[in-house]
Amino acid sequence: MMRWHLAHGRHLDLGAKSLLMGILNVTPDSFSDGGEFDRPERALQQARRMIGEGAAIIDVGGESTRPGAVAVSAREEQSRILPVIEALSSDGGSLVSVDTYRAETARLAVAAGAHIVNDVHGLQREPDIAHVAAETGAGLVIMHTGRGREKLADVIADQFLFLNRSLEIARDAGIPDDRIVLDPGFAFAKDGEENLELMARFDELRALGFPLLVGTSRKRLARHLVGEGDEGRDVGTAATSVILRLKGASIFRVHNVAVNRDALAFADAVRERETME
């Protein structure tokens, strides 16, 4: 059990039960749901639906991270996400994460009410984002990526190489360990074999000493065995969620909250039984 400390005096207790982070892409071009929630009213409706289904966190992103996506300006990213974050924070109950690598976007998002900064570049694209997290008290998700660099041949060794560098940046900025969660970055410059190897050896990442978040939702690794439709992709995602929960993951970043909630209930029950024996 660990208490994850977040901005605005909030926290989450991690460990005993799976926690779900609902994906809210306020973009026209995300790989799964681009264009569906790019208007604030639609985004809010979807966020509230995911909260009703059991999402503890809503992760709001304004720039697609799919391979080949067109980059947007900081101003465009901010114009997409800030009204949604402000509206969600005014509801009072939900926890909000901002999916960004930009320091200024993160600063504005926390000021608008976000509690968590989720950086898919692991603080290594704009290191000033670490200072934003430190100054605002935001919870921080540090993700591994293989994009734009040479990777080590061993998938776990590369995780340790990259994430330990990110943790150095975080600690140099003054971020306490109890504000940090790590994400191994499934599918971010990893091919099918690498993703499966990472999943099979996932429990080795627990040696890093931090809670683990995973995002396999509707990605190629979760759908290439079960077809391309949303139903098949969500079933594949739920299967990976259960596997990774049994190997030690705490937080699951997903599109379909209800399906993963139900699947993870079984994984949590098995973990509870194991601790009783």
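The values are calculated or read from the model by the stated rules, or taken from the named source; none is laboratory data. What you are looking at is a predicted structure, and each value in this text was computed from that prediction instead of being measured. In this analysis, Cβ positions are derived from the backbone assuming ideal geometry, glycine residues included, and neighbour counts consider all displayed protein chains. Protein only, heavy atoms only, side chains kept; ligands, DNA and RNA dropped before computing areas. Shrake-Rupley method; radii C 1.70, N 1.55, O 1.52, S 1.80 Å.
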> Hey, any hits in the stretch 90-98 for a residue that's within 18 Å of the chain's Cα centre (by Cα) and among the hydroxyl-bearing types (Ser, Thr, Tyr)?
Replying inline: yes
>> As an exercise: evaluate Glu168 against (1) in contact with a strand residue (DSSP E or B) (Cβ under 9 Å, 6 or more places away or on another chain); (2) open to solvent by 10 Å² or more (accessible area, probe 1.4 Å) and give the number of the one condition it does not meet.
In response: (1)
> Just checking, which of Ala133, Ala157 is surrounded by 18 or more Cβ atoms within 10 Å (Cβ to Cβ) and part of a helix (DSSP H, G or I)?
Replying inline: Ala133
> How many of the residues in the stretch 192-239 are modelled with pLDDT of 95 or more, open to solvent by 60 Å² or more (accessible area, probe 1.4 Å) and closer than 18 Å to Val254 by Cα?
Replying inline: 0
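In the list Arg125, Arg107, Arg102, Arg149, which residue meets the criterion of being basic (Lys, Arg), surrounded by 23 or more Cβ atoms within 10 Å (Cβ to Cβ) and more than 24 Å from Arg206 (Cβ to Cβ)? Write out each step before concluding.
Values: Arg125 fails: surrounded by 23 or more Cβ atoms within 10 Å (Cβ to Cβ); Arg107 fails: surrounded by 23 or more Cβ atoms within 10 Å (Cβ to Cβ); Arg149 fails: surrounded by 23 or more Cβ atoms within 10 Å (Cβ to Cβ).
Exactly one of Arg125, Arg107, Arg102, Arg149 is basic (Lys, Arg), surrounded by 23 or more Cβ atoms within 10 Å (Cβ to Cβ) and more than 24 Å from Arg206 (Cβ to Cβ), namely Arg102.
Out of all the residues in the stretch 242-264, which are in contact (Cβ under 8 Å) with a residue 40 or more places away in the chain and part of a helix (DSSP H, G or I)?
Going through the stretch 242-264, the residues in contact (Cβ under 8 Å) with a residue 40 or more places away in the chain turn out to be 243-245, 247-255, 257-258, 260-261, 264.
Within the stretch 242-264, Ile243, Leu244, Arg245, Val257, Ala258, Asn260, Arg261, Leu264 meet the criteria.
Looking at this structure, is Ala87 among the aliphatic types (A, V, I, L, M) and either in a loop (DSSP other than H, G, I, E, B) or at pLDDT below 90 (or both)? Let's see the steps before the verdict.
Numbers: among the aliphatic types (A, V, I, L, M): yes; either in a loop (DSSP other than H, G, I, E, B) or at pLDDT below 90 (or both): no.
The answer is no for Ala87.
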> Among all residue pairs at least 6 apart or on different chains, which show Cβ distances below 9 Å where the first residue, located in the stretch 56-77, is open to solvent by 10 Å² or more (accessible area, probe 1.4 Å) and the second is aromatic (Phe, Trp, Tyr) and at pLDDT below 80?
Replying inline: Ser64/Phe31; Thr65/Phe31; Arg66/Phe31; Pro67/Phe31; Ala69/Phe31
> Among (1) over 19 Å from His131 (Cβ atoms); (2) surrounded by 21 or more Cβ atoms within 10 Å (Cβ to Cβ), where does Ser94 come up short?
Replying inline: (2)
> Among the residues of the stretch 23-44, is any assigned to a loop (DSSP other than H, G, I, E, B), at pLDDT 90 or above and among the charged types (D, E, K, R)?
Replying inline: no
> Is it true that Asp119 is out of contact with any Lys or Arg (no Cβ under 7 Å at 6 or more places or on another chain) and either of a type outside the set (Gly, Ala, Ser) or farther than 13 Å from Val26 by Cβ (or both)?
Replying inline: yes
> Can you find even one residue in the stretch 90-111 that is farther than 20 Å from Gly22 by Cβ, touching an Asp or Glu at 6+ places or on another chain (Cβ under 8 Å) and β-branched (Val, Ile, Thr)?
Replying inline: no
